[in-house]
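K.L.:
Mind having a look at this structure? Questions to follow.
The values are calculated or read from the model by the stated rules, or taken from the named source; none is laboratory data. Bear in mind that the values here come from a model prediction, so they are computed numbers and not experimental data. Cβ coordinates were reconstructed from backbone atoms using ideal geometry, including for glycine residues, and neighbour counts include every protein chain displayed. Just the protein is used for accessible areas: all its heavy atoms, side chains included, with ligands, DNA and RNA removed. Shrake-Rupley method; radii C 1.70, N 1.55, O 1.52, S 1.80 Å.
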Amino acid sequence: MLLSSDIWVSALLRRVEQAGSFAYIARRGDKSFGAVLVKVLNLRTRDTYVLREAQKGEESVWMQPVETKDEADLDAWIARQATYDPDIWVVEIEDSAGRHFLTEKVEI
């Protein structure tokens, strides 16, 4: 991520809002360097997934670090990540089609 975390998160929130969906910051991390998790809830199917930026070779991609679609399991995983990395951000998106609104490369 080339932008500071707070600016990047603000841009994501704006993209979600412009598309008519809802997003909020569930956890604020370090303003400049905090990693970001994006948790997405599909309002139709109630499926949930989490994306995290990862290095794949020399490029950066967003991937699912956890395969479960159970929201309680994902929340527990996020809580554990926050204990390891107190600088982490968590953005939650609620969308009727389960879209993540990321413009970067995503591998699901």
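K.L.:
Scanning region 82-104 for residues that are over 13 Å from the mean Cα position of the chain (by Cα) and over 20 Å from THR45 (Cβ atoms), which turns out most open to solvent (accessible area, probe 1.4 Å)?
P.N.:
TYR84
K.L.:
Please count how many residues of region 21-54 are farther than 23 Å from GLU107 by Cα, basic (Lys, Arg) and either without any contact (Cβ under 8 Å) to a residue 40 or more places away in the chain or out of contact with any helix residue (DSSP H, G or I) (no Cβ under 7 Å at 6 or more places or on another chain) (or both).
P.N.:
2
K.L.:
Out of region 28-52, which residues are farther than 12 Å from VAL90 by Cα and of a type outside the set (Lys, Arg)?
P.N.:
So in region 28-52, the residues farther than 12 Å from VAL90 by Cα come out as 31-33, 41-49.
Across region 28-52, the qualifying residues are SER32, PHE33, LEU41, ASN42, LEU43, THR45, ASP47, THR48, TYR49.
K.L.:
Consider SER60 carefully, then state whether it is touching a Lys or Arg at 6+ places or on another chain (Cβ under 9 Å), within 23 Å of GLU107 (Cβ to Cβ) and of a type in the set (S, T, N, Q). Break it down stepwise before answering.
P.N.:
On the way: touching a Lys or Arg at 6+ places or on another chain (Cβ under 9 Å): yes; within 23 Å of GLU107 (Cβ to Cβ): yes; of a type in the set (S, T, N, Q): yes.
It is true that SER60 is touching a Lys or Arg at 6+ places or on another chain (Cβ under 9 Å), within 23 Å of GLU107 (Cβ to Cβ) and of a type in the set (S, T, N, Q).
K.L.:
Can you tell which of GLN18, GLN64 is at negative phi and without any contact (Cβ under 8 Å) to a residue 12 or more places away in the chain? Step through it out loud before you land on a result.
P.N.:
Details: GLN64 fails: without any contact (Cβ under 8 Å) to a residue 12 or more places away in the chain.
Answer to the check: GLN18.
K.L.:
Among the residues of region 44-72, which ones are open to solvent by 60 Å² or more (accessible area, probe 1.4 Å) and either in contact with an Asp or Glu (Cβ under 6 Å, 6 or more places away or on another chain) or among the β-branched types (Val, Ile, Thr) (or both)?
P.N.:
THR45, MET63, LYS69
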